[in-house]
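In what follows, a structure is listed as structure tokens, so that the remarks can point back to it.
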Amino acid sequence: MFRSLIHRSKQFTDINKFTYLRSSLVGEALQEIETIEITAANYTIAWEQLQKRYENRKLIVKSHIDALFAVEPVRRESYEALSYLLSEYERNLQMLDKVGENTSEWSTILVHMMCARLDSSTLRNWETHHCSSEVPKYTELIEFLRKHCAILQSIAPDKPVQVEMKKPKFSVSHVHSALERHTLHSSAKVS
């Protein structure tokens, strides 16, 4: 974001860019350039220092692939768990695409990885849906899982409503006794 808003902008001088850069950084990244004096000439030095340190494509790719392998399997069928699995895969794959990895060629391995993380009910539904001896495409699996997620969301159980059972004011024996008394009392009046 800094690169597109500030670094590439023709509206800012190098000293302005350096000031914005320092104010944008925290922690380890700030320490990386903290000792560089804020001057127009030093902006390029600071920028290159940060690029050397943080634009390591190999490490970026590794971190996103590690994140794909680290996604916990879904234990039981639920909208929340399936939605999380989908978003983690999609987010990391998008980031890999942005750094130049052609993840569209990873279809077979991605299907295998994703299916290994599905709960048994969702996996059964997927296998029933796919029902072919052909190797499924990752895009087909994702489309199925999105639809399945929408179904799970629409049938998610509401919080159970607790119905309070009111105890009758009289038990059956009390009612029976009251009826007998009333009957006896009415019979006595008649006689």
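The values are calculated or read from the model by the stated rules, or taken from the named source; none is laboratory data. Bear in mind that the values here come from a model prediction, so they are computed numbers and not experimental data. Note that we place each Cβ from the backbone using ideal geometry, even for glycine, and neighbour counts take in every protein chain shown. The area values use the complete protein model at the heavy-atom level, side chains included, leaving out ligands, DNA and RNA. Shrake-Rupley method; radii C 1.70, N 1.55, O 1.52, S 1.80 Å.
What does the charge count near T139 come to, summing +1 for each Lys or Arg and -1 for each Asp or Glu among other residues with Cβ under 15 Å from its Cβ?
Details: positive: K137, R146, K147; negative: E90, D97, E105, E134, E140, E143.
Net charge around T139: -3.
With every protein chain present, what accessible area does T128 have (1.4 Å probe, heavy atoms only), rounded to the nearest 10 Å²?
100 Å²
Around S104, what is the net charge, scoring Lys/Arg as +1 and Asp/Glu as -1 over all other residues with Cβ under 14 Å from its Cβ? Show your work: numbers first, answer last.
On the way: positive: K98, K137; negative: E90, D97, E101, E105, E140.
Taking every other residue near S104 into account, the sum is -3.
With θ set to phi - 60° and the Karplus curve 6.51 cos²θ - 1.76 cosθ + 1.60, what are the ³J(HN,Hα) couplings of the range 99-115 in order, to the nearest whole Hz, using x for Gly and Pro?
With coefficients 6.51, -1.76 and 1.60, one gets 8, x, 7, 8, 6, 5, 8, 9, 3, 4, 5, 5, 4, 4, 4, 5, 5 Hz.
Which far-off residues, 5 or more places away or on another chain, put their amide H under 5 Å from the one on R117, with H placed in the peptide plane?
For R117, whose amide H was placed from the backbone, there are no distant partners under 5 Å.
Please give the contour-minus-distance gain from K98 to C131: 0.36 nm per residue of separation, less the Cα-Cα distance, rounded to one decimal in nm.
Details: separation 33, 0.36 × 33 = 11.88 nm, distance 3.34 nm.
Full-extension gain reported as 8.5 nm.
Using a 7 Å offset from the Cα along the Cα-to-Cβ direction at both A150 and R76, what is the distance between the two label points in nm, to one decimal?
Simple spin-label model gives 2.7 nm for this pair.
Please report the relative contact order for the range 13-86, taking Cα pairs under 8 Å with a sequence separation of at least 6, and give it as a percent rounded to a whole number.
After rounding, I find 26 percent.
Which residues among the range 88-127 fall inside the zone where the amide N is under 19 Å from a point 7 Å beyond the Cα of N56, along Cα→Cβ?
96, 99-101
Counting only protein chains, not ligands or nucleic acids, how are R76, R57, R117 ordered by accessible area (probe 1.4 Å), most first? Mind showing how you got there, number by number?
Values: R76 170, R57 110, R117 30 Å².
Greatest to least solvent exposure: R76, R57, R117.
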